[in-house]
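Every read-out reported here was derived from the displayed coordinates using simple, explicitly stated rules and does not represent laboratory data. All of these numbers come straight from a predicted model, not from anything done at the bench. Reconstructed Cβ throughout: ideal geometry from the backbone, glycine too, with neighbour counts over all protein chains shown.
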Amino acid sequence: MDEIQRTLLEQIADLHEVPTGAYNIRANGELAGRNTTANIDIITKEDEPGIDIYIKPGTKKESVHIPVLLSQTGHTELVYNDFHIGDDCDVTIVAGCGIHNGGDKLSKHDGIHTFYIGKNAKVRYVEKHYGQGEGTGERVMNPKTVVNIEENGYMEMETTQIKGIDSTKRVTEARLADGAKIVVKEKLMTHGNQYAETEFNVDLDGEGSSANVISRAVAKDNSRQLFLSKINGNNKCAGHTECDAIIMDNAKISAVPEITANHLEAELIHEAAIGKIAGEQLIKLMTLGLTEAEAEAQIINGFLK
Amino acid sequence: MLELKNISFEVQDEKGSKEILKNVSLTIDEKRFIAITGPNGGGKSTLAKIIVGIEKPTSGQILFNGEDITDMSITERAKLGISYAFQQPVRFKGIKVQDLIKLAAGEGVNFAGACEYLSEVGLCARDYINRDVDGSLSGGELKRIEIATVIARNTQLSVFDEPEAGIDLWSFNNLIRVFEKLHKEQENSIIIISHQERILNIADEIVVIADGNIRARGKKDEILPELLKGTGGCKFYNNEEC
């Protein structure tokens, strides 16, 4: 791994060296490192690019890191990663993609992640996207996440895209069985001329299933964002979707929450708020001695924390 | 220390221009505890905002330790040693109580130090230090945190805009103790805008502002009886027989 790849790895996975536990590092379309454990197996797909990750039922307190690094300008890829998580597991999965584009060609990573989460299993899924590089070539990522959760399974998904991605279209689909729960926390910041679109489609099929989709977004400069969140209550269930966004400069943000109740006992709520930083928040921090720019940074950091 | 010279402040509304402050001059010396009172809409809060730099006067001059600060920004005045407690404390998403106190006290303050400021305003630090400064806190809690940020700054001048507004009686009693302590320590100057007799009682001096003018200024023994007379109708309030 070279210095650029090391930086990317640090940005997307807080890793300085190879992680402990199971991991699979993909760099410029090639396998750059893999480790499996007694409970976690990683197998390269034969019919399409990507990997299958198998986590044995009952695996607790283990983690899997599957970072993707792109440092070669002009490299584009479409990868399928499937996660088979057995019943009663309690695991953390850290994915993420870092692109360094030093050239003038498009660098693009499209990843399709499909989760099969077993009964009573608990999964924390962390995904960070990051881009850098002095080149004029675009840095593009289009992640798609498909989540299937069986009875009483739980998934917490944290996705973060703070810097450097020119264009992204993120799609998340989830289907929940009885008693299953999903919590999604999305953090997004766009600047320059970036465009980001996120779409959540959650089907609450099971009795007692629930979903909570929370998005915090900041759009600066001339960037644009579109937030779509659809929750379908197909049984006795609870769903909540919330988009809270700060708009700055000449940015544009659209938030389109959509909740559909197909069952009498479905309880669904949507909230969406877009606004600039409140003047009084800036003033309060300025009375503490911060400059306007420092106050603004403090407010945004807190908002996206 | 603080000198306001011929401060006027006008706003434009649909009826034309309206004078909120009319040629107000006021000097506040070091280590003084001054209460500003008067009817609502008389210009008290505007005066506070002009001192802090949130509003710029239409005319007049503000001196702080002899230096002209009339054209200085909020940040510059804060750095010179002026603090301000909002009447309506500001809420933040994702900023914790300890973040705000650390910003106020400066880099040097540690976790224990931040907790101490909360204890000073009667809040159990353990319960509050990691809370977000948002709508999950009650009006009284926010108010006390607001005051803690000003105490943490420990500046030469602190301006409190109606600290009693919007808080319950229990919180108010605690608050009085905070101001009594600040007064006793007499390390810095305090300007406190208030309608509360108990706060006016602990001030060295009371300034009455009404209709954009300073109506009276003096020791509480001179000013308070006059003020209470002004309450008119209720004799009970004046300790007279109803």
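For the residues of A:226-232, the average number of beta carbons from a partner chain within 10 Å of their own beta carbon is 0. If the chain linking A:Asn262 and A:Val171 were pulled fully straight, counting 0.36 nm for each residue of separation and taking away their Cα-Cα distance, it would gain 30.5 nm. Residue by residue along B:90-98, Cβ atoms of other protein chains within 10 Å of the local Cβ number 6 on average. Cross-link partners for A:Lys276 among the lysines, with Cα-Cα distance under 18 Å and sequence neighbours closer than 8 places in the same chain left out: A:Lys187, A:Lys220, A:Lys252, A:Lys284, A:Lys305, B:Lys93.
Straight-line reach from A:Lys45: which lysines have a Cα under 27 Å away, not including same-chain ones fewer than 8 places off? Candidates past the 8-residue exclusion: A:Lys56, A:Lys60, A:Lys61, A:Lys108, A:Lys119, A:Lys122, A:Lys128, A:Lys144, A:Lys169.
Using the Cβ-Cβ distance between A:Lys236 and B:Leu169 with R0 = 45 Å, the FRET efficiency computed as 1/(1 + (r/R0)^6) comes to roughly 0.50. Size estimate for region B:29-165 follows the Kirkwood approach: the inverse of mean 1/r over distinct Cα pairs works out to 15.9 Å. Counts of other chain beta carbons within 10 angstrom of each beta carbon in peptide A:163-173 average 0.
For chain B, the membrane-span-like helix rule (DSSP H, alpha carbon extent of at least 18 Å along the helix axis, mean Kyte-Doolittle at least -1.0) picks out B:139-153, B:169-185; this says nothing about an actual membrane. In a fully extended conformation the segment linking A:Leu106 and A:Val18 would gain 28.9 nm over its present Cα-Cα distance, using 0.36 nm per residue. Classification of chain B by its C-alpha gyration tensor yields an oblate form. The axis ratio a/c (a ≥ b ≥ c) is 1.5 or more, and b/c is at least a/b. Computed over chain A, the P(r) curve from all C-alpha pair distances, binned at 20 Å from the origin, holds 32, 57, 11, 0 percent per bin. The Kirkwood hydrodynamic radius of region B:90-202, based on inverse pair distances between different Cα atoms, is 14.3 Å. Here the simple spin-label model places points 7 Å from the Cα toward Cβ, and for B:Lys229 and A:Arg34 these points are separated by 9.4 nm.
Which is the longest run of chain B containing none of the GluC sites (Glu not before Pro) found in DSSP loop states (not H, G, I, E, B) with at most 14 other C-beta atoms within 10 Å? That would be B:108-186. Starting from the Cα of B:His183, move 7 Å in the Cα-to-Cβ direction to define the label point; list residues of region B:210-224 whose amide nitrogen is under 18 Å from there. Answer for this model: B:217-224. Mind checking Rg over Rh on region A:13-134, alpha carbons, Kirkwood formula for Rh? Ratio of gyration radius to Kirkwood radius for region A:13-134: 0.99. In the protein assembly as shown, the DSSP beta bridges split such that about 15 percent are antiparallel, to the nearest 5. Computed from the Cβ-Cβ distance with R0 of 45 Å, the FRET efficiency linking B:Asn110 to A:Lys276 stands at 0.85. DSSP finds beta bridges in chain B, and of those with both partners inside it, around 55 percent are antiparallel.
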